[in-house]
Amino acid sequence: MSLDPDYYERQYNNRLTIPDANAFNARGAERSIAARARLRAHLDLEYGPSPRQRIDLFPAADPASPLLSFIHGGYWRARDKAEFSFIAEPFVAAGISVALPEYDLTPAVDVRTIVAQMIDAHVWLYRNAATYGADPSRLFVAGHSAGGHLSAMMATVKWPCVDGDHLARPDAAPSANDLPLDLVKGVYTISGVFDLAPMLHFSFNADIGLDQASAKSLSPITQTPARPMPVHTAVGALESDEFKRQCRVLAEHWPNNVRGHLEVPDCHHLSIVEALADPRSLLFRSVRDMVQRS
């Protein structure tokens, strides 16, 4: 693994390699406005005290439908759930409810706090999703980029041990909560970051704020999944070598969990999100099948 900062900048700064990045983001935001107008939506459901601790939930027609939570990316420092409503539409049409949890951003908070917020969000979904027309006993988590990291971290949570510490120690005893160990039934990470060490050599770390200790402790590859749930990875065929390496190292460290990997043809780091929302794509079908068949 190179220690050359220029190497990591080229590998992880997608704006250097995707000249029309702003157009992709703008198109997603426009599609999301249209999707919210068409879908039945419960917007800005509060799961915590911060103004950004909110969830948008798009229920499928059947209240017994499984629930897919999608965590957006943005290197823990940018983007908003409202830009990704368009992802919900094809899944709702396929009979899968969709939740879009939001979180605070660095540098206002650190990555550990964001992980804790995502734990809170999924506890809230488990306890409340039925009120909004989805089945919390069939909860799956997906995420893209930084959201891929956060979704993988959800696989490491010992839910019966969750308390104020959130990231429970491996030897933690169950706390007095009502949470099952299999609260999350499966995880699908898309273009995720599972080894955070390269972030220390990347310019965005000025906002992200990782140091050697936090990069290690918050890397999914240094954690153990809480149980043998299915984990799937995907990356665009046009993405950088580092994003492809990230998928390989997760599979190497989680051999009993990673059940499949998909390299999505003709996709880079941003267009892969559009593939997720395309019911004709391999990626959409792969995520759908994980949710419906697990």
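The values are calculated or read from the model by the stated rules, or taken from the named source; none is laboratory data. Bear in mind that the values here come from a model prediction, so they are computed numbers and not experimental data. Ideal geometry is used to build each Cβ from the backbone, glycine not excepted, and the neighbour counts take in all protein chains shown.
What about Asp241, is it on the phi > 0 side of the Ramachandran plot and not hydrophobic (A, V, I, L, M, F, W, C)? No: the conditions fail for Asp241. Entry remark, segment 103-147: residues being in contact (Cβ under 8 Å) with a residue 12 or more places away in the chain, more than 22 Å from Val92 (Cβ to Cβ) and either among the polar types (S, T, N, Q) or touching a Ser or Thr at 6+ places or on another chain (Cβ under 6 Å) (or both) number 4 in total.
Residues to consider are Arg27, Arg52, Arg112; find the one that is basic (Lys, Arg), within 27 Å of Asp289 (Cα to Cα) and surrounded by fewer than 24 Cβ atoms within 10 Å (Cβ to Cβ).
Arg27
Of everything listed in (1) farther than 22 Å from Ser50 by Cα; (2) out of contact with any Leu (no Cβ under 9 Å at 6 or more places or on another chain); (3) modelled with pLDDT under 95, the single unmet condition for His166 is (1). Of the residues making up segment 41-89, those that are in contact with a strand residue (DSSP E or B) (Cβ under 7 Å, 6 or more places away or on another chain) and of a type in the set (Lys, Arg) are Arg54, Lys81.
Here's the yes/no breakdown for (1) over 18 Å from the mean Cα position of the chain (by Cα); (2) under 15 Å from Val187 (Cβ atoms); (3) at pLDDT below 95:
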{"position": "Asp241", "(1), (2), (3)": "yes, no, no"}
{"position": "Trp254", "(1), (2), (3)": "no, yes, no"}
{"position": "Leu262", "(1), (2), (3)": "no, yes, no"}
{"position": "Pro265", "(1), (2), (3)": "yes, no, no"}
{"position": "Leu270", "(1), (2), (3)": "no, no, no"}
{"position": "Ala277", "(1), (2), (3)": "no, no, no"}
{"position": "Leu282", "(1), (2), (3)": "yes, no, no"}
{"position": "Asp289", "(1), (2), (3)": "no, yes, no"}
{"position": "Ser294", "(1), (2), (3)": "yes, yes, yes"}
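If we scan segment 177-195, do we find a residue that is in a helix (DSSP H, G or I), at pLDDT 95 or above and under 18 Å from the mean Cα position of the chain (by Cα)? No, because not a single residue in segment 177-195 is in a helix (DSSP H, G or I), at pLDDT 95 or above and under 18 Å from the mean Cα position of the chain (by Cα). What are the pairs, 6+ residues apart or on separate chains, where a residue within segment 1-25 that is among the small types (Gly, Ala, Ser) has its Cβ under 8 Å from a residue that is surrounded by 13 or more Cβ atoms within 10 Å (Cβ to Cβ) and at pLDDT 95 or above? Here the result reads Ser2/Tyr8; Ala21/Leu270, each pair linking segment 1-25 to a residue that is surrounded by 13 or more Cβ atoms within 10 Å (Cβ to Cβ) and at pLDDT 95 or above. Going by the structure shown, is Thr224 under 17 Å from the mean Cα position of the chain (by Cα), under 19 Å from Met154 (Cβ atoms) and either of a type in the set (Ser, Thr, Tyr) or assigned to a strand (DSSP E or B) (or both)? So Thr224 does not fit the description; no. The set of residues in segment 55-74 that are closer than 29 Å to Phe202 by Cβ and surrounded by fewer than 22 Cβ atoms within 10 Å (Cβ to Cβ) contains only Gly74. If you go through segment 32-55 and keep only what is under 20 Å from the mean Cα position of the chain (by Cα) and either of a type in the set (D, E, K, R) or within 18 Å of Ser191 (Cβ to Cβ) (or both), you end up with Asp44, Glu46, Arg52, Arg54.
When the helices (runs of 4 or more DSSP H) confined to segment 1-104 are screened for residues that are of a type in the set (A, V, I, L, M) and modelled with pLDDT of 95 or more, those reaching at least 2 such residues are found at 21-38, 88-93. Figure legend. Inter-residue proximity from segment 31-44: first residues surrounded by 14 or more Cβ atoms within 10 Å (Cβ to Cβ), second residues among the small types (Gly, Ala, Ser), beta-carbon distance below 7 Å, spacing 6+ or different chains. Indicated pairs: Ser32/Ala82; Ser32/Ser85; Ala35/Ser85; Ala35/Ala88; Arg36/Ser85; Leu39/Ala88. Among residues of segment 231-249 that are under 19 Å from Leu276 (Cβ atoms) and free of Cβ contacts under 8 Å to residues at least 40 places away in the same chain, those with a beta-carbon under 7 Å from a residue that is among the hydrophobic types (A, V, I, L, M, F, W, C) and in a strand (DSSP E or B) at least six positions away or on a different chain give the pairs Ala237/Val264; Lys244/Val235.
Suppose the filter is under 15 Å from Phe194 (Cβ atoms), without any contact (Cβ under 8 Å) to a residue 60 or more places away in the chain, surrounded by fewer than 16 Cβ atoms within 10 Å (Cβ to Cβ) and out of contact with any strand residue (DSSP E or B) (no Cβ under 6 Å at 6 or more places or on another chain); does Arg280 pass it? Write out each step before concluding.
On the way: under 15 Å from Phe194 (Cβ atoms): no; without any contact (Cβ under 8 Å) to a residue 60 or more places away in the chain: yes; surrounded by fewer than 16 Cβ atoms within 10 Å (Cβ to Cβ): yes; out of contact with any strand residue (DSSP E or B) (no Cβ under 6 Å at 6 or more places or on another chain): yes.
Taking the combined requirement at face value, the residue does not satisfy it.
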